[in-house]
Amino acid sequence: MDHFSYHSDQTHAMFRNGKGQTRRNIVSVKDGKGKKIVEFYDVDGKQVKHSEKSLTQKELDHIQQNRFIPGLFKDCTEPTSATRKRRMRPKRGTKHRRNK
């Protein structure tokens, strides 16, 4: 993987909570090292969120072979455990009982 360079920049318009946002996915590879970046912008073009991760060797190999990688940015856009909403579960032992 010597002297391999690649750059991809994709912009996606999104609507969340009735407001327009823009998500920008960036992949950059230079000299065998790469990174993937996800940025969110509000309606005014102000950056709201920025997430960056290094590409794994497997991802770098796929990019060099020009192969599609499903879910490449999934680990960059998932919320952290602190901001993730709690999943609602039914209480234990609260079955409906019939009146006799």
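The values are calculated or read from the model by the stated rules, or taken from the named source; none is laboratory data. Predicted model only: the values in this text are computed from it and were never measured. Counting neighbours? That spans all protein chains shown, and the Cβs are built from the backbone with ideal geometry, glycine included.
Couple of notes before you dig in:
- Extreme residue, farthest from Gln65 (Cα to Cα), among residues of segment 1-20 that are at pLDDT 90 or above and surrounded by 11 or more Cβ atoms within 10 Å (Cβ to Cβ): Thr11
- When segment 42-100 is limited to residues that are modelled with pLDDT of 90 or more and hydrophobic (A, V, I, L, M, F, W, C), the one that is surrounded by the fewest Cβ atoms within 10 Å (Cβ to Cβ) turns out to be Phe68.
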